[in-house]
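Remarks on the structure that follows.
The values are calculated or read from the model by the stated rules, or taken from the named source; none is laboratory data. As the structure is a prediction and not an experimental result, all values here were calculated from the model. Note that each Cβ is placed from the backbone with ideal geometry, even for glycine, and that neighbours are counted across all protein chains shown. Ligands, DNA and RNA are stripped out before the accessible areas are found, and what is left, the full protein with its side chains, is counted by its heavy atoms. Shrake-Rupley method; radii C 1.70, N 1.55, O 1.52, S 1.80 Å.
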Amino acid sequence: MPKQTILHIDLETQSSLPLERVGVYKYVEDPNFGIQLMSYAYNEGRVHTIDLAHGEKIPGQVICDIMDGTKIKLAHNASFERICLSKYLEQKGVLKKGEFLLPESWRCTMIYARYFNLPGSLDALCKVLGLPEYYWKDKRGAALMHKYCHAQYKDMSQIPIDDDWLAYKKYNNQDTVAEQAIFYALFASLAKASTIYYKDLFKEYAVSERINDRGIKIDIPFVQKMSELASDFKSQRLIDLQLLCDLYAAKHNKPRITNINSVEQLQALLEVPSLDRDRIPMFFDQLPNDVKQIIITRSCITQVATQKYDHMLESVCEDGRIRGEFKFYGASTGRFAGNNVQVQNLKKNDFEDIKATRDLYMSGQAPVSTHYLDDISSLVRTAIIPEGNNIFSDSDYSAIEARVVAWLAGEEWVLNAFREGRDVYSETASQIYSAIRKTPVKVEKDGENSDLRQVGKIATLALGYGGGTSAFNNMGGDKLGLTQDQMKSIVYSWRTANPHIKSLWYTIDNVVKYLIRYGQEGVMSKDQDPGLPDDLKIVYRRSPFIKGEYQLEIVLPVTHRVLIYPDIKLTTEKDQQGKTYECLSYMAAKGRNIDGTTTEYRTKIYGGKFVENITQGIARDILVSALSMLQNSGYPVVMHVHDEVLAEYPKDCVASISGILASAAMPYEGLPLKAEGYTCDFFMKA
């Protein structure tokens, strides 16, 4: 049980802006933003509800404790409470404009839930933890929140104090009671399994929140221009598309399309098997010319990525920055997910001269062509710019997953290639084609057999986690013009060349199955199975949270952070040929329904997938360690995309940042990690 005093907080607020669309940082900038209700409690004490809308005040001691960086504050989705209270204290003159409460003293039951791979919603979490029905959400709560959150009353004191308002206050109070109960239930459960808690969880959370607070500068004039160009182009092409479809319908004596945006209507008119961009090339060449013209015209206006410009304009704050873009612990491996604009999946650019292309579109002089919207979509990265006289220093880990999986498995030829600075993709291609042709084949990046290097690159990226020809295709192998038999040979040859990685898949798969078959709590490490990596443990035990369930835990090297697989099971199934095989599956948080039941869908998992999770978990731990080191060194990180870090600084600091990124791997003895980068005046992919 935590020894520190905990201040539990829950807020109900109003704003004219849609929170789910613009994010909390923009939400609180609305002139009609206000905190209507605040419920709070200390430790397990009684919950107090303050009606701020009707003039009640937050007690001075509570304000002091909110401001005090040594006093722990806890909420469910604590980012929301922290930013809303920051704006409230700014309005009261306590904080400066644009200043945020420091995140280091905040804790979040939603983050705890994500870490333990439990449901994220307050209601589902109560039910999964077996808390009494008293703690479950009032079913009227969502309707009441919807009624009051849209700022219908600009002056909150004019909100009628009727039965609905009194029920709303009770709902706010009850959420705090539930959050209290969840917090103490979690820590009571941890008494049975204290080793699964990760002590640095909220240190890392604070680093992430500071990056969210700092935000990302947007080139607003550029975004406005791109949004305008995209809108004008789409409008004109929709007119063209409607005309082409009308002519086609008349020519073939078919009904006219009533909704030009309807995929179903257009597909029926053209009688094509699909309008999916990835499937069209399979049959495009066999189509009549008039159908081809319609499909080409439609393809010009189906660029979803251009919508990011509009989303940037919606969510950008008063100072020209978008904030809150990174969702801490967004995946069960601990990796980040995106929020709002989703800067982690911006389209890549491949222009020969990106600045010239950017300037051409900004001036409105770019020629209209079939790739017009595609170009605008590809320029979306460049909408992210440094503030004032700063520049961007962009640094990226080089092939971090390929390095980590080789390190885990002890694949020495791969590690030595990385240590000696040799091109691993070329060496992999050499290994593959030497095995296929039964004679040594030399592949050089810019020399002999350089055309084979791409196979080595795709194989390295696609095949490290037990994938076969499908994984090879998904990573780009389908564009190499290879036959199915050739791809099978590549997969087989890659596995032959990387026997230790292949062995690791089966070792972990067998260890997990052994533990479950044994049916008792157990721990496996290198001491019990020499095939396991150093400092990695696999634990099978009764769930400390959910009665009657067992969970699997993988304790990662160095950090000892734990990946958790709830309700892990080993079942016997039949394949398409009727042969039986053993199947591992677990119940991820998304598989648990809000009514406390579980869906029939379970997440299947196998040795290669475990290796992928472990590899990505280690890569994530290294990145987060580097982000903390960069913060402590005074480098203001504004973005991180997978294994890439973007810092906004007055001068070139690429070498320093790359050095810090690489040094974060020092505790992983023998892991040859490298980072490198470049400077830029806007975000781009060099």
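Probe of 1.4 angstrom, ligands and nucleic acids ignored: what's the accessible area per residue over the stretch 259-350, in square angstrom?
With all protein chains present, the stretch 259-350 gives 47 Å² per residue.
Which of the helices in the chain, when you take each full DSSP H run, stretch at least 27 Å along the axis at their Cα atoms and have an average Kyte-Doolittle score of 0.0 or higher?
The qualifying helices are 220-251, 607-632.
Just how much of Cys300 is accessible, in Å², when a 1.4 Å probe is used and the result is rounded to the nearest 10?
Approximately 10 Å² of Cys300 is accessible to the 1.4 Å probe.
Using packing as a proxy for protection, rank 442-449, 478-485 so that the peptide with the highest average count of other Cβ atoms within 10 Å comes first. Write down the numbers at each step before the final one.
Working: 442-449: 14.0, 478-485: 11.2.
The peptides rank, most packed first, as 442-449, 478-485.
For the pair Thr302 and Thr439, how long in nm is the line joining their label points, each one 7 Å along Cα→Cβ?
Each label point lies 7 Å from its Cα, and together they span 4.7 nm.
Taking a ≥ b ≥ c as the square roots of the eigenvalues of the Cα gyration tensor of the stretch 103-190, is the shape rounded (a/c under 1.5), prolate (a/b larger than b/c) or oblate?
Prolate shape, in that a/c is at least 1.5 and a/b is the bigger ratio.
How large is the helix-only mean residue ellipticity at 222 nm for the chain, computed as the sum of -39500 (n - 2.57) over DSSP H runs with n ≥ 4, divided by its residue count, in deg cm²/dmol to the nearest 500?
Working: 24 runs with 288 residues, N = 686.
It lands at -13000 deg cm²/dmol.
In the full protein assembly as shown, how much of Leu244 is accessible to a 1.4 Å probe, in Å² to the nearest 10?
Leu244 exposes around 40 Å² with every protein chain in place.
Which of (i) 2, 10, 12, 10, 8, 8, 8, 8, 7, 6, 5, 4, 4, 3, 2, 1, 0; (ii) 3, 12, 20, 24, 22, 14, 5, 1, 0; (iii) 3, 15, 24, 24, 19, 11, 4, 0, 0 is the computed P(r) over Cα pairs in 10 Å bins from 0, in percent for the structure on display?
Entry (ii).
Excluding residues fewer than 8 places away in the same chain, name every one of the lysines whose C-alpha is closer than 19 Å to that of Lys97.
Straight-line reach from Lys97, under 19 Å: Lys26, Lys87, Lys217.
Can you give me the accessible area per residue for the stretch 397-507, using a 1.4 Å probe, in Å²?
Accessible surface, normalised per residue, equals 47 Å².
Contour minus end-to-end for Asp478 and Tyr134, with contour as 0.36 nm per residue of separation and end-to-end as the Cα-Cα distance? Working shown, then result.
On the way: separation 344, 0.36 × 344 = 123.84 nm, distance 5.53 nm.
Additional length available on full extension: 118.3 nm.
Among Ala191, Met156, Gln174, pick out the residue whose Cα is farthest towards the positive end of the charge dipole of the stretch 109-204, where Lys and Arg carry +1 and Asp and Glu carry -1 on C-beta, about the Cα centre.
Final value for the positive-end residue is Ala191.
I'd like the accessible area for Tyr171: 1.4 Å probe, protein heavy atoms, all chains in place, Å² to the nearest 10.
Around 10 Å² of this residue is reachable by solvent.
With every protein chain kept in place and ligands, DNA and RNA left out, what is the accessible area per residue of the stretch 1-158? Probe 1.4 Å, answer in Å².
Numbers: 7050 Å² over 158 residues.
That works out to 45 Å² per residue.
Take the alpha carbon atoms of the stretch 198-229, find their center, do the same for the stretch 284-322, and report the distance between the two centers in whole angstrom.
24
Output the pairs from Lys192/Lys547; Lys569/Lys604; Lys348/Lys445 with a Cα-Cα distance over 18 Å in this structure; if there are none, say none.
Violating the 18 Å Cα-Cα cut-off are Lys348/Lys445.
Applying a 10 Å radius around every beta-carbon, put 76-84, 669-677 in order of their mean neighbour count, most first.
Highest to lowest by the protection proxy: 76-84, 669-677.
In whole percent, and with a 1.4 Å probe on the protein chains, what portion of the accessible area of the chain is carbon and sulfur?
50
On a straight-distance basis, which lysines could pair with Lys442 in a cross-link, Cα separation under 29 angstrom, same-chain partners fewer than 8 positions away excluded?
Candidates past the 8-residue exclusion: Lys457, Lys479, Lys488, Lys502, Lys674.
Which of the lysines could a cross-linker bridge to Lys147, judged by Cα under 17 Å and excluding same-chain residues fewer than eight apart?
Excluding near neighbours in sequence, the set is Lys137, Lys139, Lys169, Lys170.
Given points 7 Å out from each Cα along the Cα-Cβ axis, report the Gln61 to Lys254 separation in nanometres with one decimal.
Taking the simple label geometry, Gln61 and Lys254 are separated by 7.5 nm.
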